1. Criterion first (more than 22 Å from Ala109 (Cβ to Cβ) and in a helix (DSSP H, G or I)) does Ala203 satisfy it?
2. Residues in the stretch 171-194: is at least one in contact with a Pro (Cβ under 8 Å, 6 or more places away or on another chain), surrounded by fewer than 18 Cβ atoms within 10 Å (Cβ to Cβ) and either of a type in the set (Phe, Trp, Tyr) or farther than 15 Å from Pro106 by Cβ (or both)?
3. Somewhere in the stretch 249-268, is a residue more than 17 Å from the chain's Cα centre (by Cα) and at pLDDT below 95?
4. Quick check on the stretch 225-233. Is at least one of its residues buried (at least 20 other Cβ atoms within 10 Å of the Cβ) and on the phi < 0 side of the Ramachandran plot?
5. Could you tell me how many of the residues in the stretch 254-275 are crowded, with 17+ Cβ neighbours inside 10 Å and under 14 Å from Ala318 (Cα atoms)?
6. Determine if the stretch 197-220 includes at least one residue that is touching a strand residue (DSSP E or B) at 6+ places or on another chain (Cβ under 7 Å) and crowded, with 17+ Cβ neighbours inside 10 Å.
7. Among the residues of the stretch 269-292, how many are aliphatic (A, V, I, L, M) and either at pLDDT below 90 or touching a His at 6+ places or on another chain (Cβ under 8 Å) (or both)?
Amino acid sequence: MLLSLGLPGCFSDGVAPPADGRNGGHGRNDHFHHHPHADRPRRRPESLARLKRSLQHDLHSQSSERVMAGLIGLHALCAKAADKTRKPEWSPSDIRHSMRATERRPHDALRAFGAKPLRCADAPALYAILLDICLRAGLTRVPELFLLPCPGMNAYALGGRDNACISVTRGLLSGLSRDEIAGIFAHEVAHILHCDSSAMNWAVAIQREIADLAMRGVKDLMTRSQDLARIGPQALLLAAAPAMAQLLISALSRARELAADARAIDLIEHPRALVAALCKLEYFHTGLTPFDAHLRHDPTMRALHSHPGTWERIAQLA
């Protein structure tokens, strides 16, 4: 159990000595030992990697916005096909407004699943890891931690910046190292920064409204007219709409997962730890390495998955 995980000691002045063992002085021979441009070749790959992650993050964000626009458009088409004269009972903005009350207390949702709150006194090491990530992310409030007493390896983030909670399973804490836990925490904090919990709840609510419109619309069309040639296109759209909405939901989830990965790398000290954590999670759930799982994966089924494949995620982080 890693709740009692020890943290490395800190220097009294908060500053570590130089890694190369030099005394940090400014003697006249320092110029020959450490040229001011000597670090440039080492920093350049990191700056290019940061730029790559920033571009990937923007790309996934744009993809997410397009999918959400597609859900709104599909909702509008279903409302029009179901009844051209009657205004739909719920608009996307109405759905978002009605969800605000349920999003105010995410810890209640976690307690409903059997999660128990972890106080700072119970898990100081975990909160120290999370605090460092939140400082890097610019969060003014550290999310509450909850423990799910199950052997699985998983983590979830609920809520927004002002009320976020992160739940972790007992199996995750016992199966990952400190740095790997930091990588998982960074991924969940990225979800909080991106308001992914709210976005996915909104999208699922839109999906349910689409399914309701489709069911009522097909029923109304069949009772009002027997001319299949005239109502055929509308009925076909309404019949296919729920499946189309589900595909859009899955695409939205995958895009936001990749965006969270890209953001998480900049929130931790050891980026490779997130890759190591993903590899362990893949092996725990499938018994395979990410590459073997990728080879066995049927690409035609990708559209149905809510998460991108681990190999795809690792390739982005490389």
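The values are calculated or read from the model by the stated rules, or taken from the named source; none is laboratory data. Everything numeric in this text was worked out from a predicted model, so none of it was measured. Positions of Cβ are backbone-derived with ideal geometry, glycine not excepted, and every protein chain shown enters the neighbour counts.
1. Details: more than 22 Å from Ala109 (Cβ to Cβ): no; in a helix (DSSP H, G or I): yes.
Against the criterion (more than 22 Å from Ala109 (Cβ to Cβ) and in a helix (DSSP H, G or I)), Ala203 does not qualify.
2. Checked against the condition, which is being in contact with a Pro (Cβ under 8 Å, 6 or more places away or on another chain), surrounded by fewer than 18 Cβ atoms within 10 Å (Cβ to Cβ) and either of a type in the set (Phe, Trp, Tyr) or farther than 15 Å from Pro106 by Cβ (or both), the stretch 171-194 yields at least one hit.
3. From the stretch 249-268, those more than 17 Å from the chain's Cα centre (by Cα) are none; that's our starting set.
Among the residues of the stretch 249-268, not one is more than 17 Å from the chain's Cα centre (by Cα) and at pLDDT below 95, which makes the answer no.
4. To start, the set of residues in the stretch 225-233 that are buried (at least 20 other Cβ atoms within 10 Å of the Cβ) comprises none.
Checked against the condition, which is being buried (at least 20 other Cβ atoms within 10 Å of the Cβ) and on the phi < 0 side of the Ramachandran plot, the stretch 225-233 yields no hits at all.
5. Initial filter on the stretch 254-275 (crowded, with 17+ Cβ neighbours inside 10 Å): 254-265, 267-268, 271, 273-275.
Subset that is under 14 Å from Ala318 (Cα atoms): 258, 261-265, 271, 273-275.
Total satisfying the criteria: 10.
6. Taking the stretch 197-220 and keeping what is touching a strand residue (DSSP E or B) at 6+ places or on another chain (Cβ under 7 Å), we get 197.
So of that shortlist, the ones also crowded, with 17+ Cβ neighbours inside 10 Å come out as 197.
The answer is yes, given that some residue of the stretch 197-220 is touching a strand residue (DSSP E or B) at 6+ places or on another chain (Cβ under 7 Å) and crowded, with 17+ Cβ neighbours inside 10 Å.
7. In the first step, residues of the stretch 269-292 are kept if they are aliphatic (A, V, I, L, M); the result is 273-278, 281, 288.
If we keep only those that are either at pLDDT below 90 or touching a His at 6+ places or on another chain (Cβ under 8 Å) (or both) too, we end up with 274.
Number satisfying all stated conditions: 1.
Yes/no matrix, rows are residues, columns are (1) closer than 15 Å to Ile181 by Cβ; (2) modelled with pLDDT of 85 or more; (3) in contact with a Gly (Cβ under 7 Å, 6 or more places away or on another chain); (4) surrounded by fewer than 16 Cβ atoms within 10 Å (Cβ to Cβ):
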| position | (1), (2), (3), (4) |
| --- | --- |
| Ile95 | no, no, no, no |
| Ser98 | no, no, no, yes |
| Arg105 | no, no, no, yes |
| Asp108 | no, no, no, yes |
| Asp122 | no, yes, no, yes |
| Leu126 | yes, yes, no, no |
| Leu135 | no, yes, no, yes |
| Leu148 | yes, yes, yes, no |
| Pro151 | no, yes, yes, yes |
